[in-house]
1. Pop a pseudo-label 7 angstrom from the Cα along the beta-carbon direction at both C:GLU225 and A:LYS142 and give the gap in nm to one decimal.
2. Please find, in a Gaussian network model of chain A (springs between Cα atoms separated by less than 10 Å), the residue of A:LEU55, A:LEU132, A:LEU86 whose mean-square fluctuation is greatest.
3. Each residue of segment C:3-14 in order: what ³J(HN,Hα) in whole Hz does its phi give by Karplus 6.51 cos²θ - 1.76 cosθ + 1.60, θ = phi - 60°, with x for Gly and Pro?
4. Which value in Å is the Kirkwood Rh of chain A over different Cα pairs?
5. Have a look at B:VAL108, B:ALA19, B:ILE122 and report the one farthest towards the positive end of the charge dipole of segment B:1-146, computed about the Cα centre with Cβ charges (Lys/Arg +1, Asp/Glu -1).
6. Could you tell me how many cubic angstrom of Cα convex hull volume chain B has per residue?
7. Please tell me which of these pairs span more than 28 angstrom C-alpha to C-alpha: A:LYS84/C:LYS222; A:LYS125/A:LYS162; A:LYS202/C:LYS222; A:LYS219/B:LYS163?
8. Using a probe radius of 1.4 Å on protein heavy atoms only, what is the accessible area buried between chains B and C, both sides summed, to the nearest 100 Å²?
Amino acid sequence: MPSRGKKRPLPSGIDTNDGPLSAAPAIELHDVSKRFGARWALARLSYTLPQGASLLLTGHNGSGKTTLLRLVSTVTAPTLGTLKILGLDARADRMKVREQVTLLSHANFHYEDLTAKQNLELVAKLRGAPGLPAKVDGLLDKVGLKARVDSPVRQFSAGMRKRLAVARMLLLQPKLALLDEPFGELDPQGIAQMEAIMAELKANGTTLVLATHLLEQGKRLTDVSLHLENGRQVA
Amino acid sequence: MPLITPLLILVGVVGLLLAHAFVPSVRRWSWKAFLGIAVVMFLVQPYLALSWAPPEREMGEVQRIMYMHVPQVWMALLALTLNFCCSVAFLLKKSWVTDALAEASAEVGVYFGAVGVTLGAIWAKPTWGVYWDWDPRLTTAAIMIVIYMGYLTLRRFVEDPEKRATWSSVMGIISYVDLPVLWFSVKWWNSLHQVQSSPKTVDPDMTMVLRWSATMFLCLLSVFIIHRFRVAYAARQAEVAPPEALAPGAA
Amino acid sequence: MSGLLGQSLLVLRKDLLIEWRTRARLNALIFFAIATLLLFSFALGPDTVMMRKHAAGYLWLGLLFSSMLSLGESFRIESENLAMDGLKLIPVDPRAIFLGKTMGNTLLLWLLSLVLLPVTIALFDVTVTLGWPTLVGIFLVGSMAISAPGTVYAAIASHARARDVLLPLLLFPILIPALLAVVKATHLVFEGDLMDQLKSWMRLLGCFAIIYWTLGFLLFPKVLEDD
């Protein structure tokens with residue numbers, strides 16, 4: 001338990017300058033396994049990713065990429081093994097972890113019957129940090145949804161939903177951004193935009209974990225890679 | 001036979017239960033002891049209940065069904081109390097032992113409750129003229145069985161062992177807390193046309209036979225729960241076997 | 001930091017906003033409840049004396065059936081796009097989700113009871129003997145009593161197989177004490193309270209509501225989070 005004796009992380013969680021946390025790795029998996037029903041989606045995975053690095057996660061469909069990202073986001077907990085995110089225990093300090101991590105996934109968390117703007121405003125208010133609601137309009141503009149801010153998500157195409165999800169991620173200002181197939185459902189222009197956004201996040205010191213089948217873009221944006229097969233680490 | 005006999009046996013049985021809970025080596029043979037005591041007591045039971053005990057003044061011979069009916073409902077309550085304790089224990093500290101024990105006790109509890117309620121309805125027919133008189137005790141017991149059948153259904157409907165254990169613990173707690181409220185509501189609801197009230201002074205011989213039956217059923221309950229627990233625990237162990245056991249070929 | 005209560009109110013506001021934006025669904029729910037009341041009248045024949053006597057029971061059975069639909073719906077919107085996971089990750093305290101959703105379900109059920117009241121009066125020819133404020137209060141406490149265990153079980157059922165069958169199967173037997181108390185209380189308001197029983201029934205109903213709001217508040221995080 002390397003970080004146990006050190007200073008406790010700042011409770012506010014959202015400050016981005018290098019505090020006492022900078023030493024702790026962004027992700028520390030120790031012998032992590034996850035079972036769904038009778039199937040082991042992840043088996044005995046150990047891996048450490050330093051802060052500021054970016055990781056490319058590869059593997060076939062069903063290899064455990066999404067499960068791994070969901071575990072790291074703390075939305076589910078590992079069946080066996082321990083998991084530390086930014087030096088915090090993913091189980092005990094779950095709420096603090098969540099203030100610093102975002103998950104962008106195919107299930108994009110939107111309420112279908114609310115408008116794009118209402119969805120983001122809800123997120124901003126629930127996060128409760130001052131100044132967040134004021135950023136909503138700017139972010140919607142940035143992801144190219146300005147014309148449709150007052151349409152319910154139900155009327156959105158898959159690509160627009162993805163754009164809204166990106167705005168949501170940016171709104172939450174993560175220290176660790178987990179991106180599950182971020183290029184899926186986007187048009188070529190959207191892919192380029194997505195790439196630019198990720199490069200910007202990376203430049204700001206955000207740790208990225210990117211699971212994608214688009215190896216070309218993926219390799220451009222990341223420093224290290226992890227390949228999963230049947231829930232096990234291959235390389 | 002001295003009237004104190006069943007109480008003495010009961011003390012022995014409870015002692016053995018405690019030993020079963022805390023001394024691992026006892027667990028290998030204790031169920032045989034429970035079964036043995038139950039069988040011996042069961043052989044004497046018909047004589048005690050049907051001939052030795054005096055007939056009840058108003059209900060006559062029919063009342064003898066009480067010696068089977070009442071202890072079974074008691075045992076159901078006991079088993080469901082065990083289920084509640086296991087549910088709380090599981091939420092405080094995750095363990096497959098308490099989960100398996102919760103499953104075993106709920107199932108055995110529902111079984112004893114169902115038999116007890118059926119016997120109660122059979123008793124009601126000659127006594128009150130109908131099988132079902134909305135007697136508060138019988139009604140509460142019947143609803144209790146329905147609640148716990150829902151509990152057992154939930155267990156069947158969730159495949160993931162962790163989620164099943166957690167959710168059924170939550171439901172076990174909610175269900176058990178419901179029982180006293182249920183009892184009061186049914187009692188008040190039926191207070192207007194309640195027929196029988198029984199401020200009777202019970203014959204000590206009757207009490208003795210009732211205790212005899214209760215001790216016998218406690219032994220049976222223990223045997224049932226111990227065996228059902230073993231099945232449930234083995235099933236759980238197979239379900240949660242570590243990844244190596246399931247995919248030996250991989251790295 | 002918006003705190004537990006602030007987050008609860010935001011969750012509540014969100015649920016009410018969705019309810020408002022999908023008014024058609026709400027209307028369908030109201031018509032379902034009215035149809036249930038009509039069906040009771042037809043199933044039991046045109047015996048007006050008996051119908052008046054049992055009106056409180058029909059009203060609450062109609063509400064109970066409708067609540068199964070509204071509770072299921074309130075968690076269906078959360079499983080679409082895994083929105084509940086999104087709430088957890090913002091992060092929102094699971095207890096705030098419980099409070100917000102239970103308040104939302106209570107308000108919805110209360111509204112439904114107020115809509116059904118004139119229909120009940122018209123169909124079954126009942127009179128409100130003990131005054132409207134009492135009746136509206138009983139409806140509120142009754143809605144609270146149904147909503148708290150309802151929210152917990154709807155959350156469980158929404159993640160399990162065959163959720164539509166499971167929810168009423170788990171919930172109906174648990175709700176029997178609340179149903180008995182609220183029907184008796186409503187009945188006494190309709191028919192007059194000669195033996196001063198209303199208070200004890202309201203006390204029982206209030207106890208039920210308090211117990212289940214407390215239990216839900218304590219246990220809901222276990223339902224929502226992996227441990």
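1. 3.0
2. A:LEU132
3. Listing the rounded values in order: x, 4, 5, x, 5, 4, 5, 5, 5, 4, 4, 4 Hz.
4. Working: mean 1/r = 0.0549 Å⁻¹.
About 18.2 Å for chain A.
5. Checked the options; the winner is B:ALA19.
6. Values: hull volume 36.9 nm³, N = 251.
Per-residue hull volume (Cα only) is 147 Å³.
7. Details: A:LYS84/C:LYS222 21 Å; A:LYS125/A:LYS162 21 Å; A:LYS202/C:LYS222 36 Å; A:LYS219/B:LYS163 38 Å.
Over 28 Å Cα-Cα: A:LYS202/C:LYS222; A:LYS219/B:LYS163.
8. Numbers: alone 13640 and 11790 Å², together 22650 Å².
Summing both chains' loss of accessible area gives about 2800 Å².
The values are calculated or read from the model by the stated rules, or taken from the named source; none is laboratory data. Just so you know, these numbers come straight off a predicted model, no measurement behind them. Neighbour counts run over all protein chains shown; Cβ positions are idealised from the backbone, glycine included. Note: areas computed on protein heavy atoms with side chains; ligands, DNA, RNA excluded. Shrake-Rupley method; radii C 1.70, N 1.55, O 1.52, S 1.80 Å.
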